[in-house]
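Before any comments, here is the structure.
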Amino acid sequence: MRVSTVHMFQQGLDAIVDRQSKLLKTQLQLSSGKRVNNPSDDPAGAARILDLQQGAAITRQYQANILAGQSRLELEDAVLASVTNSLQRARELAVGGLNGTQSIEDRTAMAKEIRQITDEVMALANTKDANGDYLFSGFQTQTAPFSTNGSGTYTYSGDQGQRFLQVGPTRQVSVGDSGLAVFMKIPDGAGTGFQDVFTSLYNLATDLEANTPNSRSLTELDNAIENILGVRAQAGARLNAIDREREVNDSMLFELEQARSAVEDIDFAEAASRLSRQSLVLEAAQQSFIRVQNLSLFNFL
Amino acid sequence: MADLLGIATSGLLAFQRSLDTTGHNIANASTPGYTRQRVELGTQIPQLSGAGFIGSGVQVETVRRLYDGFLTDRVRSTTSTSSSLDIYHDFATRVSNLLGNAQAGLNAGIQDFFDSVQGVADDPTSIPARQVMLSEAESLETRFQYLNGQLDTLRSEIDRQVTGLTSQMSSLAESIASINQEIVLAMGNAGGQPPNDLLDKRDQMLQELSELVSIRTFEQDDGSVNVSIGNGQALVTGSRAATLTVSGNEFDASKMEIVFQVGTSSAVVTDSISGGQLGGLMEFRAGVLDSAQNSLGRIGIAMASEFNAQHALGMDLNGNPGNAFFAVGASQVFPSNNNSGSGTVSVAYDTANFAALKVDDYVLGYDGSNYALTRVSDGSTVPMSGAGTAANPFQADGLSIVVGGAPVANDRVLIRPTRAAANGFGVLIGDAQQIAAAAPVRISEATNANGAPTNSGNAAVKLNGVDSTFGPLSAGITLTYDAANLRFNYTGDASGTISYDPVTDTGATYTIAGVTFSVSSTPANGDQFVLSDNSNGTGDNTNALLLSGLQTAAVLDGGSNSFEGAYAKLIAETGLQTRQAEIDSEAQHALLAQARESREAASGVNLDEEAANLLRFQQQYQAMAQVIRIADSLFESLLGAVRR
């Protein structure tokens, strides 16, 4: 077939340009480490990458939620541990007070300590978190939950709201307990209703001061300690649960990352060998272009 | 010998012409559109003698253009397709790279925003967390506006290009018409000999025209060529040319339409234009740009509306119901400038049915008694329910359409439900206190004046949320368990009963006065639960959790896609269109190269061939000169004989 000189030149040039653009694409893939640099490189893959990235980002947010939840639950546990210690001490004093050998002076001294403990527990029940929010007032975090009139009447001003956090795609975990559940809803000594822990402590102190210790106080303190232990056990169970959730999320993240990498990232070995192959081909195209362009009958005229 | 001299002279002349033409070929070897020429030689009329016919030399019959109309046509048509695909691919790449950009794309913005909502859920009283949410909302707004603005820029770039292309086409048509005239004249003057270089020049113009638009050519006997575009609109007829201009769309003056104009009559030909850069641009505008911008707008509408709806069900830090959080973009309605009636059309989104909202545009037409809705993309009719009144609007594809006024038959309006909506997306709340993270209601077991619990059973109730029928509670609602009848009686802001059997119903969900809650375990007779206003409930994150749940809620595309899902789908679609255009354009390049190769094989100049021809014609010229010498020496011999 006849070949026109211009066409020969153009075709040689086109071949070089074409090779160059392929080489550049491989070079871009190698330098970015990504197989899909633009959606058109792999449209279905690009959408899948977005899905996987979204999945990973949401999971990372769950992890952040878990951290927030953990610190709240740990704070609650630490406060309640102190409360438990105080109540244990109050219980020891109550047991001692019931001992018939105690003098009224001893009992008055004990009552004094119990008043001290009552204040301590009250302060603990009115603990604020790092943001200045009350820990045990339910949703009304700006309202001090517990107050007293000083003569044995204790009032809870919070509500029963319990904050939940999203720790997994379908999992919400409560990260706190209301003051009602912790300090108020404690079976009374008679077993007929509820009595808050402060009233129990107040009554204990009053009885000791009057030198008429009542064994009912012991039952009430036992109930209070048991209730708080129960709350702590629940909080601990929640901590365990979100810890497990965290592990699940971690492995989820790993898998999402693997899946994303499989779609998006480049196989370096393959791309590197492709690059050297393509540069070889480009060199061949360039060299042959020069060789062919130098051929002309006019050189011999 | 006189004959021999004549023969030699004819040869000298003929080979001089041949050498000239070869030189011309060499000189024009790289002139675009040049067709190689060849001197066609023939014998001169022989002389009759007693011994028969004696040859009298060579003559130039014609200078022929080695031209194949079929091959040239093929180059032109593949050029049209190729340049159409190239420009389409060029623009589609820009859209798909824009939307797919990891930094500027929408997906990261949506993700960051919902992360910040979860941040508020983690810590609803924290003002910094709320500020972060507001600033993420603002950057989401910026992203919507940026993407939409970029698409708008592409749109006006297309308008500019179309304006330029049409005037370029008009002036090419003009030039072709005038060169037609020259060719007809030249052919007449030359007694039918072809004006080769003029023909090349015209072919080159046709080639340039075919880069702009797909054309059809019809050669006439007088040497002129007629050119038509689109559905047979005659762009060039002999020495007359039509003009192409742009003008505003009958509905939307800012949308450029292509107008074909001959004399005083004109017609809009946008839809029939195909091929070439113009065709590629039109195809891109209708096929990629419109639907991409509509999709983006739709995500904005759905997200803003859904978020607002849930936000309104919450309570902010000041104890007020949530205000509208986002500004929602609006539908555009354009009456045709051909309308003669005074009908009015208003279009709203059917907020209960975002799943049905499409990315299409529509034309609502009135035939004198009925309205009909037509989808612009494929011309299909969309069935509407309802009567078009405010009380009972037309419903179709997630839209509520209310008509009024006095339209007359054949009046039409264009409805673009989502095109400009991304631009209308905005943040309305500026005060972090106004983020409604809490539920407006709380639910508690009964307590006495000191806040001590009074229930004796172990039943618990948990709030799930409120719906749009909820109104603020004043007295609250008290539920009292009636163990004998296994039910709760409730009184207060609302009254009635709900049955609850602890054995079978534990965990069951109930809704009273728009408040949804679940009941579990066993209440004692007379146990009470209270639904009350969540005053001071600043630490409540119930609504923030529900808001963050919208991230993964599948509200679009028939309930199959979340906001990000719809965006991923948009990216996949434009990516696919770009990829397809890339593949098609590569294939078309190969076809074009083939067509050019065939044309060049027939018509292109090969310098080696011309060099060989130079040698050949030079030799023949020299041989002819030798013949003259021989004739001269013959003559000399004869003279010598006579002189003696």
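The values are calculated or read from the model by the stated rules, or taken from the named source; none is laboratory data. Computed from a predicted structure; not experimentally measured. Cβ coordinates were reconstructed from backbone atoms using ideal geometry, including for glycine residues, and neighbour counts include every protein chain displayed.
Selection within the range B:556-572: residues that are on the phi < 0 side of the Ramachandran plot and among the charged types (D, E, K, R). The member of this set that is nearest to the chain's Cα centre (by Cα) is B:569. With respect to (1) touching a residue at least 24 places away in the same chain (Cβ under 8 Å); (2) more than 26 Å from residue A:180 (Cβ to Cβ); (3) among the β-branched types (Val, Ile, Thr), the lone exception for residue A:101 is condition (1). Considered as a group, the residues in the range B:573-590 that are more than 10 Å from chain A (Cβ to nearest Cβ) and surrounded by 16 or more Cβ atoms within 10 Å (Cβ to Cβ) include one that is farthest from the chain's Cα centre (by Cα), and that residue is B:588. Restricting the first member to the range B:169-190 and to residues that are touching a residue at least 60 places away in the same chain (Cβ under 8 Å), and the second to residues that are part of a helix (DSSP H, G or I) and hydrophobic (A, V, I, L, M, F, W, C), the beta-carbon pairs closer than 8 Å and six or more apart or on different chains are B:169/B:209; B:169/B:212; B:169/B:278; B:173/B:209; B:176/B:205; B:176/B:206; B:176/B:209.
Take the residues of the range B:561-572 that are in contact (Cβ under 8 Å) with a residue 40 or more places away in the chain and more than 8 Å from every other protein chain (Cβ to nearest Cβ): which is surrounded by the most Cβ atoms within 10 Å (Cβ to Cβ)? Here the answer is B:570.
Residue by residue, here is whether (1) within 18 Å of residue B:277 (Cα to Cα); (2) of a type outside the set (S, T, N, Q); (3) modelled with pLDDT of 95 or more; (4) under 33 Å from the mean Cα position of the chain (by Cα) holds:
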position	(1), (2), (3), (4)
B:52	no, yes, no, no
B:64	no, yes, no, no
B:80	yes, no, yes, yes
B:97	no, no, no, yes
B:128	no, yes, no, no
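Scanning for something within 16 Å of residue A:223 (Cβ to Cβ) and either of a type in the set (Val, Ile, Thr) or without any contact (Cβ under 8 Å) to a residue 24 or more places away in the chain (or both), does the range A:177-184 turn up at least one residue? Explain how you work it out, then say what you get.
Quick first cut of the range A:177-184, residues within 16 Å of residue A:223 (Cβ to Cβ) only: A:180-184.
Now drop any that are not either of a type in the set (Val, Ile, Thr) or without any contact (Cβ under 8 Å) to a residue 24 or more places away in the chain (or both), which leaves A:182.
Scanning the range A:177-184 turns up at least one residue that is within 16 Å of residue A:223 (Cβ to Cβ) and either of a type in the set (Val, Ile, Thr) or without any contact (Cβ under 8 Å) to a residue 24 or more places away in the chain (or both).
Consider the range B:543-556 and keep the residues that are surrounded by fewer than 20 Cβ atoms within 10 Å (Cβ to Cβ) and under 23 Å from residue A:49 (Cβ atoms). The one that is nearest to the other protein chains (Cβ to nearest Cβ) is B:552. Taking strands (runs of 3 or more DSSP E) as the structural unit, those lying wholly within the range B:407-482 and holding at least 2 residues that are surrounded by fewer than 18 Cβ atoms within 10 Å (Cβ to Cβ) and within 14 Å of another protein chain (Cβ to nearest Cβ) correspond to B:460-466. Taken over the range A:214-271, the criterion of being in contact with a strand residue (DSSP E or B) (Cβ under 9 Å, 6 or more places away or on another chain) and not in a helix (DSSP H, G or I) is satisfied by A:265, A:266. Taking residues in the range B:1-20 that are outside the structural domain of residue B:45 (by TED's automatic domain parsing) and more than 10 Å from residue B:60 (Cβ to Cβ), and partners anywhere that are in a helix (DSSP H, G or I) and modelled with pLDDT of 95 or more, not one pair has Cβ atoms closer than 8 Å while being at least 6 places apart or on different chains. Considering the range B:383-398, the residues that are out of contact with any Asp or Glu (no Cβ under 6 Å at 6 or more places or on another chain) and within 29 Å of residue B:285 (Cβ to Cβ) include one that is surrounded by the fewest Cβ atoms within 10 Å (Cβ to Cβ), namely B:383. For the range A:169-209, which positions are within 30 Å of residue A:243 (Cβ to Cβ) and outside any loop (DSSP other than H, G, I, E, B)? Selection gives A:171, A:172, A:173, A:174, A:179, A:180, A:181, A:182, A:183, A:184, A:197. Taking the listed residues B:208, B:219, B:257, B:182, the one that is touching a Ser or Thr at 6+ places or on another chain (Cβ under 8 Å) and either charged (D, E, K, R) or at pLDDT below 90 (or both) is B:257, with no other qualifying. The number of residues in the range B:50-95 being surrounded by fewer than 16 Cβ atoms within 10 Å (Cβ to Cβ) and free of Cβ contacts under 8 Å to residues at least 12 places away in the same chain comes to 5. So, of the residues in the range A:184-209 that are within 9 Å of chain B (Cβ to nearest Cβ) and hydrophobic (A, V, I, L, M, F, W, C), which turns out to be farthest from residue B:454 (Cα to Cα)? If we take residues in the range A:184-209 being within 9 Å of chain B (Cβ to nearest Cβ) and hydrophobic (A, V, I, L, M, F, W, C), then A:184 is farthest from residue B:454 (Cα to Cα). Residue B:514 passes every criterion in (1) on the phi > 0 side of the Ramachandran plot; (2) more than 14 Å from chain A (Cβ to nearest Cβ); (3) over 57 Å from the mean Cα position of the chain (by Cα) apart from (3).
Selection of the range A:135-168 for residues being more than 8 Å from chain B (Cβ to nearest Cβ), of a type outside the set (S, T, N, Q), under 28 Å from residue A:206 (Cβ atoms) and in a strand (DSSP E or B) yields only A:146. Considered as a group, the residues in the range A:105-134 that are at the interface with chain B (Cβ under 9 Å from one of its Cβ atoms) and without any contact (Cβ under 8 Å) to a residue 12 or more places away in the chain include one that is nearest to residue A:225 (Cα to Cα), and that residue is A:133.
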